[in-house]
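Read through the structure below, which is laid out as structure tokens, and then see the notes.
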Amino acid sequence: MLTNSLFYLFSNVLIFSSFMVIFVQNSVYSVLFLVLCFIATASLLFLLECEFIAFMFIIIYVGAIAILFLFVVMMLDIKVVNMSKDSLKYFPFGSFIGIVFLIEVLVLVQESFKSNPYQISE
């Protein structure tokens, strides 16, 4: 029971921090949410009893790559730009491309799972 609740907690933290990486305006906060994503993923790996992969995930991704991103973002000194109202004009084209990709993925998944490789042929 405790394992299930921890799994749901870390999964929700991972989903929330993933969305915040995309939607936060400040790039430093975005990198910090990326670090939170890595930590939540490592916690899920701990719950699934993959300790070595979880430790490697923390050491490699959080310890090296995310901190490198953070230093690069802090050195670039990027100004925060407010989104203009003109960005909504790209929404129909972007949603069309997204729907096309979604259809492609669904067709690919449907084709992949048509046959059962474990079925005993007679």
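So, of the residues in the range 1-42 that are in contact (Cβ under 8 Å) with a residue 12 or more places away in the chain, over 23 Å from Leu68 (Cα atoms) and aromatic (Phe, Trp, Tyr), which turns out to be least open to solvent (accessible area, probe 1.4 Å)?
Phe10
For the range 8-43, which positions are closer than 18 Å to Val62 by Cβ, of a type in the set (Phe, Trp, Tyr) and under 11 Å from the mean Cα position of the chain (by Cα)?
Scanning the range 8-43 gives Phe16, Phe33, Phe38.
Within the range 51-67, can you find the residues that are farther than 12 Å from Thr41 by Cα, among the β-branched types (Val, Ile, Thr) and surrounded by 13 or more Cβ atoms within 10 Å (Cβ to Cβ)? Write out each step before concluding.
In the first step, residues of the range 51-67 are kept if they are farther than 12 Å from Thr41 by Cα; the result is 52, 59-60, 63-67.
Next, only the ones that are among the β-branched types (Val, Ile, Thr) stay: 59-60, 65, 67.
Of everything in the range 51-67, those that are farther than 12 Å from Thr41 by Cα, among the β-branched types (Val, Ile, Thr) and surrounded by 13 or more Cβ atoms within 10 Å (Cβ to Cβ) turn out to be Ile65, Ile67.
The values are calculated or read from the model by the stated rules, or taken from the named source; none is laboratory data. Fair warning: this is a prediction, and the values are worked out from it, not measured in the lab. Reconstructed Cβ throughout: ideal geometry from the backbone, glycine too, with neighbour counts over all protein chains shown. Accessible surface is based on the protein model in full, side chains and every heavy atom, while ligands, DNA and RNA are left aside. Shrake-Rupley method; radii C 1.70, N 1.55, O 1.52, S 1.80 Å.
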